[in-house]
Amino acid sequence: MNLQENIRRILKEETQGVTPVAIIINTLYPNFNKENASIKYVKSKFNRDVITYDDPETGYPFCSYWVDERDLSLNEELFETLVNYLGEEGMLYVIEWFNNEFNQQAKYLGI
């Protein structure tokens, strides 16, 4: 069984859904967490509240969280990497991980 198949199997177990996501993100993107990420609160050009999360060392943009819409927009490379590891069905756990890690209420996930 390869890594992707093993992760998908674990994700199907309800009680362990978030743990593999945290392991993958911590391994591949070690600064994508509440302790290390550069978090900025900004207004969009349409006066919407947006929170951006970037790597403080490289400036790599991890994601943007649109507060009113509860929409989490991941960096395209990050999104594709997670889909490759987790599969599309596992991406729901990314929302759960993000909400727990950053104390947010995202409902939607995209690029």
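Each reported figure results from applying straightforward, stated rules to the coordinates on display, with no laboratory input. Quick caveat, the model's predicted, so the values are computed rather than measured. Glycine also receives a Cβ, built like all others from the backbone with ideal geometry; neighbour counts cover every protein chain displayed.
Would a scan of the range 59-79 turn up a residue that is of a type outside the set (Gly, Ala, Ser), assigned to a loop (DSSP other than H, G, I, E, B) and under 22 Å from residue 4 (Cβ atoms)?
Yes, because at least one residue in the range 59-79 is of a type outside the set (Gly, Ala, Ser), assigned to a loop (DSSP other than H, G, I, E, B) and under 22 Å from residue 4 (Cβ atoms).
Out of the residues in the range 81-98 meeting the condition of being over 13 Å from residue 25 (Cβ atoms) and touching a Lys or Arg at 6+ places or on another chain (Cβ under 9 Å), tell me which one is surrounded by the fewest Cβ atoms within 10 Å (Cβ to Cβ).
The residue in question is 89.
Assess whether residue 57 counts as being more than 12 Å from the chain's Cα centre (by Cα) and of a type outside the set (A, V, I, L, M, F, W, C).
The answer is yes for residue 57.
For residue 75, indicate whether it is touching a Pro at 6+ places or on another chain (Cβ under 8 Å), closer than 19 Å to residue 108 by Cα and of a type outside the set (Phe, Trp, Tyr).
yes
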